[in-house]
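The values are calculated or read from the model by the stated rules, or taken from the named source; none is laboratory data. Computed from a prediction, not measured in an experiment: that's the story for all the values here. Counting neighbours? That spans all protein chains shown, and the Cβs are built from the backbone with ideal geometry, glycine included. Please note that ligands, DNA and RNA were not included when accessible areas were found on the heavy atoms of the full protein model with its side chains. Shrake-Rupley method; radii C 1.70, N 1.55, O 1.52, S 1.80 Å.
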Amino acid sequence: MRWLLIGIVWLYFLVLLVGPILYMASQSFSEGLAAFWTEISRPEALHGFTLTAEITLIVLVLNLIFGTMTALVLARQKFWGQSLVSGVIDLPFAVSPVIAGFMLILLFGPDTLLGTFSGRAQIKVLFALPAMILATLFVTFPFMVRELTPLLHTLGTEEEEAARTLGADEWQVFLKVTLPALRWGLVYGATLTVARAIGEFGAVLVVSGNILLLTQTATLHIYQSYVDFNYVAANAVALTLLAVSFAILTVLEIAKARAESTVAEAGAQ
Amino acid sequence: MKIEVRGLTKKFGSGTAVGNVSFVVHEGELLGLLGPSGSGKTTVLRLIAGLEVPTAGDIFIDGKRVNDLTVQERNIGFVFQHYALFKHLTVFDNIAFGLNIKKWNRRDIEQRVTELLALMSLEGLGGRYPHQLSGGQRQRVAIARALAPRPSVLLMDEPFGAVDAKVRQELREWLIRLHTDLNVTSLFVTHDQEEAMEVSGRIIVFSKGKLEQAGSPADVYEEPATEFVARFIGSMNIVAGVARRGQVQVGSLEFPAPGFPDGQTLQVGFRPYYVKVAEDPARYRQQAKLRHIYFLGVAYRLEIETPDGLILRSRMNKEEFRRCRFTVGQAVSFAVTHFRILPQEGTDGTISSETGKPITGPLTP
């Protein structure tokens, strides 16, 4: 019985996860290493990678700043509507990315206040980088907050108060006490944000317009190549993204192990 | 440095945590704030530290009003109940934290931390992390960290609350020695009356945000100002009776109470060791039945019941107990040799006889 269960899990794992990856890898190299290299070094593919990296980096920085700030405010301050804000933070998890993209289209459309305003200011939001960043921010926002809030609750306020009695001002308290306590949560949240930002498709597809060499990210490039029957290109770019994701996942697992040992240490106290 | 609070009040929402409290901690004193949990004593400590803002009243440290100073500017050392050591820093860096903030140079920091490690018997532990220390060691690191920047006063919130009984005893003795050596004005909070008695030079007793009594451990023990103090500190028999013609009659017991109007209900308190018990029924005037014998290690406690159903506790040393050869259930005689009429809880703590003098006195058995 035990072996049967383990067998089922293995089979499921092979068919659903390992099989497709191996098949995709074999297809990427079906026309040789040279073809693989040509496909991922093609200007369209390179542009896709660069754009994805840009978006990911900007979103990561913004999430690190605003995610930490939001978590701090939620965990440390008491304000009217707190439970509402806390509940709404998870909304991006529940809403389809396509809907998120569509909301941005409506918000920045030419007939709206924001759309008119950005149009007057000569800032192109839709079908350009700003909208793609906003869409990615929307779908990744909960990761940082959800990682940091429980850590802040566990930390409590006594260590921060102790630092204040020793003369530390608010900024020093944050840098020397709060931030070090959050470090593994930040790594964890950042990894999830990066993984999600790299892989985002739906929301970005809707707001970007998928314009070749302009607003086509790596995932959009995979989709376009597939639609155009260029399977080698689709496979090659997909495999590259997969390798990146795998590397991120490894970082995540290490971070998790470290964070758990930190929690165990805290528990031992 | 001297600490003084005047009319200190702190309200949280509709509740009053601290109500109009005034007291002085003299320079170099080790003073204990004693009270049950929720009595507002920790809030008083946090108000003095500047971690809470008072609703009303003034706080003076070294004669200077500090109400408008931030916690950072008050130059106090604070020891938290659960130590609040920085988990990600070593013992050395924990102790050096305040010195780094105050921008001491590296040499001075090293010297000061080494000095404190020695003073706290923590030599060789500078490189450890808090989770690698025992409870007693953590507590000493917390005190060292608070003392490092040479604070003008040391405030400690239940400093022995989180360690086990044996370590607690050692730490108490150690703290008394440390205080004798350093002589820094210290204020600590505890709910443990024995601890307050042993450690403090003076005790302030709190109940429900109010100051009940301030005095030396002996004063507070021997002459409790209120019924609350009497009940909270040590063990006390407390009986109630109505004053009549200058006397309070409680069953067959009579206590003189001159000056109290007829009909006033009075609380009479007496310590167990003022209840003398003899197996000879003719020895004392009062009769009772022995209900229980408790062995306390250093002494025995007898529980007796009077014919009126009053249950009283008596304390007897071992020698006397052995002479008497009591058996549970036997008839005994007893007398109360010393008593005290206690002001009612809820009054302002002054003794309520007309003469304004506390009514206490020996009774002839």
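For the reader, a short list of remarks on this structure follows.
- Rolling a 1.4 angstrom probe over the protein heavy atoms with all chains in place gives segment B:214-309 an accessible area of 46 Å² per residue.
- Residue order for B:ILE143, A:ILE248 - accessible surface, 1.4 angstrom probe, largest first: A:ILE248, B:ILE143
- Rolling a 1.4 Å probe over the protein heavy atoms gives segment B:1-66 an accessible area of 40 Å² per residue.
- Per atom type, chain B shows carbon and sulfur on 48% of its accessible surface, probed at 1.4 Å.
- Solvent accessible area, Å² - A:ILE99, 1.4 Å probe, full protein context: 90 Å²
- Counting all C-alpha pairs of segment B:173-254, share separated by more than 21 Å (%): 44 percent
- Using the Cβ-Cβ distance between A:PHE29 and A:ALA257 with R0 set to 35 Å, the FRET efficiency from 1/(1 + (r/R0)^6) comes to roughly 0.55.
- Between A:LEU22 and A:ASP228, the C-beta separation translates, for a Förster distance of 22 Å, into a calculated FRET efficiency of about 0.35.
- Dividing the mean sequence gap of close Cα pairs (under 8 Å, 6+ apart) by how many residues chain B holds gives a relative contact order of 15 percent.
- Shielding by partners for peptide B:82-95, expressed as the average number of C-beta atoms from other protein chains within 10 Å of each residue's C-beta, is 4.
- Straight-line reach from B:LYS276: taking Cα to Cα under 13 Å and skipping same-chain neighbours fewer than 8 places apart, the aspartates and glutamates in range are B:GLU303, B:GLU320.
- Its relative contact order, with pairs defined as Cα atoms under 8 Å and 6+ residues apart, puts segment B:246-300 at 21 percent.
- Sulfur and carbon atoms: percent of accessible area, segment A:158-228 [1.4 Å]: 66 percent
- In Å, descending, principal axis extents of the Cα set of the protein assembly as shown: 117, 68, 56
- Distance from the C-alpha centroid of segment B:9-35 to that of segment B:130-153: 24 Å, rounded to the whole angstrom.
- Comparing Cα centroids, segment B:271-324 and segment A:42-84 end up 75 angstrom apart.
- Within the straight-line cut-off of under 16 Å between alpha carbons, the lysines reachable from B:LYS102 are A:LYS176, sequence neighbours fewer than 8 places apart in one chain being disregarded.
- Area buried, chain B against chain A - accessible surface, total, 1.4 angstrom probe, square angstrom: 2100 Å²
- Counting Lys and Arg as +1 and Asp and Glu as -1 over every other residue whose Cβ lies under 13 Å from the Cβ of A:SER225, the net charge comes to -2.
- Here segment A:123-266 is described by how far its Cα atoms reach on the three principal axes: 65, 38, 18 Å, from widest to narrowest.
- Once Rg and the Kirkwood radius are both taken over the C-alpha atoms of segment B:1-90, their ratio Rg/Rh works out to 0.98.
- The equivalent ellipsoid that matches the C-alpha gyration tensor of segment A:1-124 spans semi-axes of 39, 29, 15 angstrom, in descending order.
- Ordering B:LYS41, A:LYS176, B:LYS166 by accessible surface, largest first, gives B:LYS166, A:LYS176, B:LYS41; the 1.4 Å probe counts only protein heavy atoms, with every chain in place.
- Pairs exceeding a 24 Å alpha-carbon distance, out of B:LYS2/B:LYS103; B:LYS87/B:LYS208; B:LYS289/B:LYS318: B:LYS2/B:LYS103; B:LYS87/B:LYS208.
- For B:ASN100, neighbours were defined as the other residues whose beta-carbon sits under 9 Å from its Cβ, and their charges (Lys and Arg +1, Asp and Glu -1) total +2.
- Rounded accessible area of B:ARG138 (nearest 10 Å², 1.4 Å probe): 30 Å²
- Environment charge at B:GLY35 (Cβ cut-off 10 Å; Lys +1, Arg +1, Asp -1, Glu -1): +2
- Gaussian network model of chain B, springs between alpha carbon atoms under 10 Å - residue of B:ILE48, B:ILE341, B:ILE109 with greatest fluctuation: B:ILE109
- Helix A:129-155 axis, angle to chain A major axis (alpha carbon atoms, nearest 10°): 40 degrees
- Whether chain A is rounded, prolate or oblate, judged on the alpha carbon gyration tensor where a/c under 1.5 counts as rounded: oblate
- In percent, rounded to a whole number, the relative contact order of chain A is 30, using alpha-carbon pairs under 8 Å and six or more apart.
- Here chain B is treated as a sphere whose radius is the Kirkwood value from Cα pairs; by Stokes-Einstein at 25 °C and 0.890 mPa s it diffuses with a coefficient of 106 µm²/s.
- Angle in degrees between helix A:19-28 and the longest Cα principal axis of chain A, rounded to the nearest 10: 50 degrees
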